[in-house]
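Notes for the one structure printed next.
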C-alpha cells in the first residue's frame, strides 16, 4: 500500500528493475525482442546524453579554472602596481619591459603581430649594398660583406611576399623581425653576417619611420641589438616562430 498526498492509501505494484532486465533479455519471444530493442536504445540514449552532459560540465569547469587563474594573475599585478616597488628596489622600474617580456615568454603570450600595418617602404638592393660598403670601411676586412650566393637577395625579397592582396608578414614589425632572422640564418656573406643583418634591420626600421620613438630616442639599444642578433643566430630552425614573436614584442613595446 502507498499513501498519497491526499492521505488516501492505494495499492501499488512494485517491480524489481534487475529482474525485469534479466528476464527481458532472456525471453525468446516477439515481445522479448521488442523489449530488448527498446531497452538497448534507452541505455544508448542515456549513455550519450550522460557523456554530453559530462563534457559540457567539464568544459565549463575548465573555463572557470582558467578564469580563476587569469583573475589571480591580473589581481596580483594590480596589487603589485598599487603597492608600488619599495625604494630599495626602485631601480627595477627601469627594467620593467624586460621583465614583462620574460613573463610573456614563460607564459607563451608574446606578440605575434606588429602594431603598424601601413604600406612598407623596402630599401633597394643598391641601398643595402651601400650600407654594407659603409660597414666594410669601418671593419676593414677584405672578405667582409662579400656574398657567397643569392641568399641575401632571397632574404630581402622574402619579406615582400604575400598571398593575393595579403602580405605574408602584415606589419612593419613582422617584416623587420623576419629580415633580421633571414639575413642571419641565410649566411649569405663570407664574413659579417650578423653585423650586416643587424644593420639591415636598423635601415629597414629607419626607412619606415620606426627606428626612433616619440621622444626621438632609438627604440633599441646597442646592447639589445647585439643580444637579439645573437639570440637569432643561436636559435634552431623549429624555433623561428618564437624568435619572430620575441622580436615583434620588443619592437611593439619600444615604439611608443
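Under a crude label model (7 Å from the Cα following the beta-carbon direction), how far is residue 39 from residue 187 in nanometres?
It works out to 7.3 nm between the two label points.
Give me the mean projected area, in nm² to one decimal, of the convex hull enclosing the Cα positions of segment 132-195. Write out the running numbers ahead of the final one.
Numbers: hull surface 18.7 nm².
The Cα convex hull of segment 132-195, projected and averaged over all directions, gives 4.7 nm².
Say each of residue 237 and residue 148 gets a label point 7 Å from the Cα, pointing the same way as Cα to Cβ; how far apart are those two points in nm?
1.5 nm
Run the numbers for residue 221 and residue 141: contour at 0.36 nm per residue of separation, minus the present Cα-Cα distance, in nm.
26.3 nm
Sort the following peptides by mean Cβ neighbour count (other Cβ atoms within 10 Å, averaged over residues), highest first: 176-183, 244-251.
176-183, 244-251
Any chance you could list P(r) for segment 152-256, counting all Cα-Cα pairs in 10 angstrom bins from zero, rounded to whole %?
Going out from 0 Å in 10 Å bins, segment 152-256 shows 15, 51, 30, 4 percent.
Test of understanding: express the Cα radius of gyration of segment 122-162 as a ratio to 2.2 N^0.38 Å, with N the residue count. Numbers along the way, then the final one.
Working: Rg = 11.6 Å, N = 41, 2.2 N^0.38 = 9.0 Å.
Here the Cα radius of gyration is 1.29 times the empirical estimate.
Taken together, the values in this text are just the output of simple stated rules run on the coordinates, not laboratory data. Everything numeric in this text was worked out from a predicted model, so none of it was measured. Glycine gets a Cβ as well: all are built from the backbone with ideal geometry, and neighbour counts include every protein chain shown.
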